[in-house]
Amino acid sequence: KQWYQRRVAITAGEAINGHGTGNHDQISEKERKKLESKRRKAAAKKKQNQDPPKNDQKNKNTSGGANQNENENLPPPINGDELAKTEHPLDEAISFLDHLRYLSPDFAPTHNYAFQIYHRKGKLLLMIQSVLRALQHHPDDPAVLLHIPQLHTYVKTKSEVSGVAKEIVDAKMSELVPNGNIDQWISSQQHRHSRSLTHTFMLSCARAYLYPETVEEERKRILNFDTTSSDLKSCIYVLEHLRAGKLSPSMPDIETFIACCRETYPQSTAFSPVPPEERSRDQVNS
């Protein structure tokens, strides 16, 4: 029986391959179709084993195209500096200022910020309003001693108001600066606040604003001020403004002021020596 089956398989193979006697009647139609199916599968498998590089290249190209499409759809990287920039900084500052004036009308810096913004935007009536509100809530605020000379200069050099607006401006300015003499006003304020470091500092800033050639003289006035009669808050206030660039100090000037304050308040960390990296950065900027 085994010999017979093996003989039938050999005969069928010869018949399919076109060899042998050509007697196709020795195998049934069903067996012939089965053998042909096996033959086609074997040929397809053989061809598949011979062409893997083409398939790999196709998959690689497909994968590369998909990655390229994914990269094109990715959003651009986030840049914090770009997000922090604004095209209209003063307009955005006013939007915050409105909330601040509503929520903290008694807070002294509220009206100081308002004046600085409106001064930059050239809003004269709002500048006067900010100064008057600052005097109403904090009449001894040192910043007002700088804002009034700035306001006086703006009215004298840049004001273009007329009519009723001009009458309002003239009336309010006569209240703020009697007789319109700003130098006399500064001298009277200096006599009034001669023992106050913060007020003396802001009056020096006012003189330097009115007369830029006196900035060195006014800076020396502050560096030579006796800080033993000043409280800690006043010393920190002036130091912060010096570091912000008021009176155009150099790094040695700031170090001199820090040393004077450190003698008065040796335990305060606010008057620690200037770090070397900050000193070198100042030299590069200079």
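If you build the Cα gyration tensor of the stretch 159-286 and take the root of 5 times each eigenvalue, what three semi-axes come out, in whole angstrom, biggest first?
Its equivalent ellipsoid spans semi-axes of 34, 18, 12 Å.
Could I have the simple spin-label model distance between residue 88 and residue 158, label points 7 Å from Cα toward Cβ, reported in nm to one decimal?
My value for the distance between the label points is 1.9 nm.
Can you list the trypsin sites (Lys or Arg not before Pro) in the stretch 179-252 that are in a DSSP coil and have 15 or fewer other beta carbons within 10 angstrom?
195
Normalising by the residue count of the stretch 130-270, find the relative contact order in percent from Cα pairs under 8 Å and 6+ residues apart.
Across the stretch 130-270, relative contact order equals 20 percent.
Which of the chymotrypsin sites (Phe, Trp or Tyr not before Pro) across the stretch 83-137 are loop residues per DSSP, with 14 or fewer other Cβ within 10 Å?
Listed in order of number, the matching sites are 107.
Contour minus end-to-end for residue 98 and residue 170, with contour as 0.36 nm per residue of separation and end-to-end as the Cα-Cα distance?
So the extension gain works out to 23.3 nm.
Express in nm, to one decimal, how much length is gained between residue 255 and residue 107 on full extension, taking 0.36 nm for each residue of separation and deducting their alpha carbon distance.
50.2 nm
Could you pull out which residues in the stretch 178-205 have an amide N less than 13 Å from a spot 7 Å beyond the Cα of residue 226, following the Cα-Cβ vector?
Flagged as within label range: 194-197.
Whole number in Å², please: accessible area per residue of the stretch 158-286, 1.4 Å probe, ligands, DNA and RNA not counted.
So the stretch 158-286 comes to 60 Å² accessible per residue, rounded to a whole number.
Can you give the accessible area of residue 35 in Å² (nearest 10), computed on protein heavy atoms with a 1.4 Å probe?
Accessible area, nearest 10 Å²: 60 Å².
The values are calculated or read from the model by the stated rules, or taken from the named source; none is laboratory data. Since the structure is predicted, the reported quantities are computational estimates derived from the model, not experimental observations. Cβ sites come from the backbone with ideal geometry, for glycine too, and all protein chains shown count toward neighbours. Side chains are part of the model used for accessible areas, which takes the heavy atoms of the whole protein and leaves out ligands, DNA and RNA. Shrake-Rupley method; radii C 1.70, N 1.55, O 1.52, S 1.80 Å.
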